[in-house]
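Here the structure is laid out as structure tokens; the discussion comes afterwards.
The values are calculated or read from the model by the stated rules, or taken from the named source; none is laboratory data. Because the structure is a prediction, the values reported are computed rather than measured. Cβ atoms come from the backbone with ideal geometry, glycine included; neighbour counts cover every protein chain shown. Accessible surface areas use protein heavy atoms only, side chains included; no ligands, DNA or RNA. Shrake-Rupley method; radii C 1.70, N 1.55, O 1.52, S 1.80 Å.
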Amino acid sequence: MPAIVDFPTVVKDALAIFGDLCDTEPARRHFAEYLTGLMVAENKTVSGINRACALTTDQSCLNRWLTEVEWDVTALNDRRLAWLQQAPQTRDSARGVSAMDNPLVAHTGKLIEDVGWFWDHADQRQVIAHDYLISNDVCPSKAHYPIEWRRLKQRDACAAKAFKDHTALGIELLDAVRKREIPGDFTVESSCPSAKGLKHIQSTQRGYVGDLKLNRKVVYEGREQQRQDVARQIPWAAKKPVRVGRRR
């Protein structure tokens with residue numbers, strides 16, 4: 001891949017908007033290098049981004065800026081979300097949706113902070129990964145972008161009583177959406193719904209929809225039943241086809 005000799009226009013524009021959140025000129029350059037690398041570098045690790053830049057410092061400088069230098073992630077995210085409100089395509093709307101997603105980001109190394117073995121429902125196997133929960137703003141224009149995120153830490157890696165499961169982290173994200181006064185209903189991925197989580201959404205008096213795992217039980221007609229048994233009791237006239245990818 002050709003070396004990066006200058007920052008793209010989109011990165012220069014981002015520097016004009018977010019650059020003052022970095023307190024020094026070298027920090028602003030690292031910010032621009034990292035953004036550019038994430039967009040165009042073939043290898044998106046710190047060393048891979050550093051190798052892709054024609055004019056740069058040692059890769060340890062970028063690594064220290066990312067891992068050791070104190071910079072306000074919350075302030076950067078607040079500025080990003082405020083900037084997205086300027087365009088009608090990405091502006092919050094009551095017809096929009098706050099979608100809760102639970103992706104796994106697979107890794108090969110076992111010494112990366114917070115990685116662990118997690119069950120990948122797509123591939124039906126255990127993988128070494130980061131387990132994220134992400135709230136997304138899905139606009140009527142079909143534009144979408146993350147609002148906030150949390151990373152699950154496995155119980156044995158947490159201090160006493162510091163462990164937070166998917167439900168607790170999901171409630172944090174839901175409350176963050178409400179605190180930011182982002183309108184619209186909620187959608188929830190199948191790995192997130194629980195009785196506690198759904199009751200919390202219900203208390204917000206917002207509409208919501210989520211798909212459930214096959215092993216979930218629900219209360220229907222006053223009785224606790226398996227999800228499949230409930231599905232058999234719903235009349236055909238009340239059902240409509242839904243497509244997920246190629247599946248109907």
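Worth a mention:
- Packing, taken as the mean count of other beta carbons within 10 Å per residue, orders the peptides 225-238, 14-27 from highest to lowest as 14-27, 225-238.
- Within the chain, the selection of entire DSSP H helices by a Cα span of 15 Å or greater along the long axis and an average Kyte-Doolittle value of at least 0.0 returns 73-84, 166-179.
- Within the range 44-146, the chymotrypsin sites (Phe, Trp or Tyr not before Pro) that combine a DSSP coil assignment with at most 15 other C-beta atoms in a 10 angstrom radius are TRP71.
- Net charge of the neighbourhood of LEU173, taken over other residues with C-beta under 9 Å away and scored Lys/Arg +1, Asp/Glu -1, is -2.
- Overall, the anisotropy analysis places the range 1-119 in the oblate class: the square-rooted eigenvalues a ≥ b ≥ c of its C-alpha gyration tensor yield a/c not less than 1.5, with a/b not exceeding b/c.
- Our estimate of slack between LYS240 and TRP71, defined as 0.36 nm per intervening residue step minus the Cα-Cα distance, is 55.9 nm.
- Nearest-0.05 FRET efficiency for VAL218 and ARG180, computed from C-beta distance (R0 25 Å): 0.20
- Per-atom-type breakdown for the range 19-130 gives carbon and sulfur 55% of the accessible area (1.4 Å probe, protein chains only).
- Using a cutoff of 8 angstrom between alpha carbon atoms and counting only pairs six or more residues apart, the relative contact order for the chain works out to 13 percent.
- Averaged over its residues, the range 106-180 has an accessible area of 63 Å² per residue, based on protein heavy atoms and a 1.4 Å probe.
- For the range 75-102 and the range 19-70, distance of Cα centres in Å: 26 Å
- GLU113-LEU21 FRET efficiency (beta carbon distance; Förster radius 35 Å; 0.05 resolution): 0.90
- The apolar share of the surface of the range 197-248, taken as the fraction of accessible area on carbon and sulfur atoms (1.4 Å probe, ligands and nucleic acids excluded), comes to 51 percent.
- The range 61-163: GluC sites (Glu not before Pro) in DSSP coil with no more than 12 other Cβ atoms inside 10 Å: GLU68, GLU70, GLU113
- Rounded to the nearest 0.05, the FRET efficiency derived from the C-beta distance between GLN59 and ALA157 at R0 = 30 Å is 0.65.
- With contributions of -39500 (n - 2.57) from each DSSP H run of at least four residues, the per-residue ellipticity at 222 nm computed over the chain stands at -10000 deg cm²/dmol.
- Partners of LYS213 within straight-line reach, counting lysines whose Cα lies under 27 Å from its Cα and excluding those fewer than 8 residues away in the same chain: LYS142, LYS153, LYS164, LYS196, LYS199, LYS239, LYS240.
- Accessible area of VAL138 in the full protein assembly, 1.4 Å probe (Å², nearest 10): 50 Å²
- Given (i) 41; (ii) 50; (iii) 55, the label whose value is percent of Cα pairs over 26 Å apart derived from this model: (iii)
- Distance from the Cα centroid of the range 183-207 to that of the range 103-131 is 25 Å (rounded to whole angstrom).
- Per-residue accessible area (protein heavy atoms, 1.4 Å probe) orders TYR34, TYR208, TYR145 as TYR208, TYR34, TYR145, starting from the largest.
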